[in-house]
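Here's the structure we're looking at; comments come further down.
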Amino acid sequence: MATHAPTSTTRSRSRSGPRHARPSRPSRFPGGGRPHIPLHVVAVPVTLGIVYGIWAPFIQRRGDPLNALQITLGVVSGLSVALLVFVLLRLPKTLATEIRAGAYGVVAGMSIGFLYSLSYASVLRSSGIGLTVGIVTAIAAFYYFHTREP
């Protein structure tokens, strides 16, 4: 009993591999092919951008009907936060822990301060809340990076 499928000897190939395969060329990425981006590096910024982009116009409209400027505010602020978080997650781990933690604090403080300013609060109060959130986030991120990474 044969253990392999019969092969055709009438067809000859001038090269090995299937006919539809493209010739390989050297890749610029280690391991060849496309660069590997983990799912969380894309999913987290997209989710935060959508939530932030929906939240910002609802704070600013104060019960009035939604208009085009508020939709624009939501789209621009959501894209900005998504882009900033994506850049933060792509920061190399070789960067100093203090700088990475400070970057997380700056992004968190700016975003929360901006959301608070949409509620027509004073600039001083919005800045104070943003600064407080930024400092607390930077301390928490520093602690996380320092205890979890070699």
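The values are calculated or read from the model by the stated rules, or taken from the named source; none is laboratory data. What you see is a predicted model, and the numbers here were worked out from it, not measured in a lab. Heads up, the Cβs are rebuilt from the backbone with ideal geometry, glycines too, and the neighbour counts pull from every protein chain shown. Only protein heavy atoms, including side chains, enter the accessible area calculation; ligands, DNA and RNA are left aside. Shrake-Rupley method; radii C 1.70, N 1.55, O 1.52, S 1.80 Å.
One table, with the values for the structure above:
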| quantity | calculated |
| --- | --- |
| 3J(HN,Hα) from dihedral phi, segment 42-49, Karplus parametrisation 6.51/-1.76/1.60, rounded to Hz, x for glycine, proline | 9, 5, 5, x, 5, 5, 5, x |
| Two-site FRET efficiency, R125 against I71, from Cβ-Cβ distance with R₀ of 30 Å, rounded to 0.05 | 0.65 |
| Residue-wise HN-Hα coupling along segment 73-81, computed from phi with Karplus coefficients 6.51, -1.76, 1.60 (Hz; x: Gly, Pro) | 4, x, 5, 5, 5, x, 5, 5, 5 |
| Those trypsin sites (Lys or Arg not before Pro) in segment 91-143 that DSSP places in a loop and that have at most 15 other beta carbons within 10 Å | K93 |
| Y120 - accessible surface, heavy atoms, 1.4 Å probe, Å² rounded to 10 | 140 Å² |
